[in-house]
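Take a look at the structure below.
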There are 2 protein chains.
Amino acid sequence: MSDRYFEDFAVGQVFKPSGRVRVDKDDIIAFARKFDPQPFHLDEEAARRSIFGRLVASGWHTAAMTMSLVARSEYRPAGGTIGLGFEKLRWPIPVFPGDELRVESEVLEMRPSVSRPDRGLMKMRTRTINQNGDAVQEMIANAMVPRRPHSENS
Amino acid sequence: MSDRYFEDFAVGQVFKPSGRVRVDKDDIIAFARKFDPQPFHLDEEAARRSIFGRLVASGWHTAAMTMSLVARSEYRPAGGTIGLGFEKLRWPIPVFPGDELRVESEVLEMRPSVSRPDRGLMKMRTRTINQNGDAVQEMIANAMVPRRPHSENS
């Protein structure tokens, strides 16, 4: 698929990438060891005694897995996605080992960048959905996307 | 240090954990391969031709490194931090290989949980600051924290 520019997106557009990621118990633990060493992310026994009752993925792991799905999706602007930040990021329910996650994104707003005329700004809602159809993460993100270059010959 | 409960926190309280993390180039690339495979996170040559001009860490990597600093900090509620989500998460400037990051957190709001009387809700602002004193990430997060258990004997 060719790269997309700001001009190729439209408000209301929905992306349902076909990619899925299966959440692996060892990956949950490895991520937690490195970045989020809390008992309910590290150890099944300790997790059983926690508020979750079983091992759950770090929310940051869910966010990173979401990024991996978005990066492989048809929403792939030319030059990559420059994330500017988030207005909202929620983890309504936990992610468990064996879950299978997919993402759905919708373009909420678009406007040209004032400071950078070669860029546009997009507000997107991205939901991460498990095998039961429940959203495990919802975020509203602002991203910077390149505008289609003017051709000198046209 | 003993565990902290909701009752041990106060609005306006500031935490400046002493921990720091040095951002390693190979770690930037390894994280990007797994979760955020974009040219400016993966390859120095490609990064030079990108909007950043050099290799930069994925924002999600910065978020995960921030979590690793928070997890090691004196802000460590009993039973762990249950992140409910974020109202805002911004990456004002990029994180480069060799950067040294630290975090600063401030309690903005506190209220008891209505649905769970054994828990309290805290709104925190956490800034991730590089060796030049510039914020590379700023987030406002809502977390659930256990309340101090009532003693039967007192």
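Below is a table of values for the structure above.
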| item | result |
| --- | --- |
| Conditions (1) open to solvent by 20 Å² or more (accessible area, probe 1.4 Å); (2) in contact (Cβ under 8 Å) with a residue 24 or more places away in the chain; (3) touching a Phe, Trp or Tyr at 6+ places or on another chain (Cβ under 8 Å): number failed by B:V23 | (1) |
| Qualifying helices (runs of 4 or more DSSP H) (wholly inside segment B:5-78; at least 1 residues being charged (D, E, K, R)) | B:25-35, B:44-48 |
| Residue count for segment A:105-120, restricted to those that are open to solvent by 40 Å² or more (accessible area, probe 1.4 Å) and either within 11 Å of chain B (Cβ to nearest Cβ) or within 26 Å of A:F52 (Cα to Cα) (or both) | 2 |
| Condition met for A:L101 (within 13 Å of chain B (Cβ to nearest Cβ) and in a strand (DSSP E or B)) | yes |
| Tally of residues being of a type outside the set (S, T, N, Q) and either open to solvent by less than 20 Å² (accessible area, probe 1.4 Å) or in contact with a helix residue (DSSP H, G or I) (Cβ under 6 Å, 6 or more places away or on another chain) (or both) across segment A:34-61 | 17 |
| Sole residue being closer than 23 Å to B:R90 by Cβ, in contact (Cβ under 8 Å) with a residue 12 or more places away in the chain and among the polar types (S, T, N, Q), chosen from B:S50, B:S68 | B:S68 |
| Residue match in segment B:23-31 (condition: over 22 Å from A:K34 (Cβ atoms) and touching a Pro at 6+ places or on another chain (Cβ under 9 Å)) | no |
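The values are calculated or read from the model by the stated rules, or taken from the named source; none is laboratory data. In this text the structure is predicted, and so the values were computed from the model without any measurement. Counting neighbours? That spans all protein chains shown, and the Cβs are built from the backbone with ideal geometry, glycine included. Remember, those area values only see protein heavy atoms, side chains included, never the ligands or the DNA or RNA. Shrake-Rupley method; radii C 1.70, N 1.55, O 1.52, S 1.80 Å.
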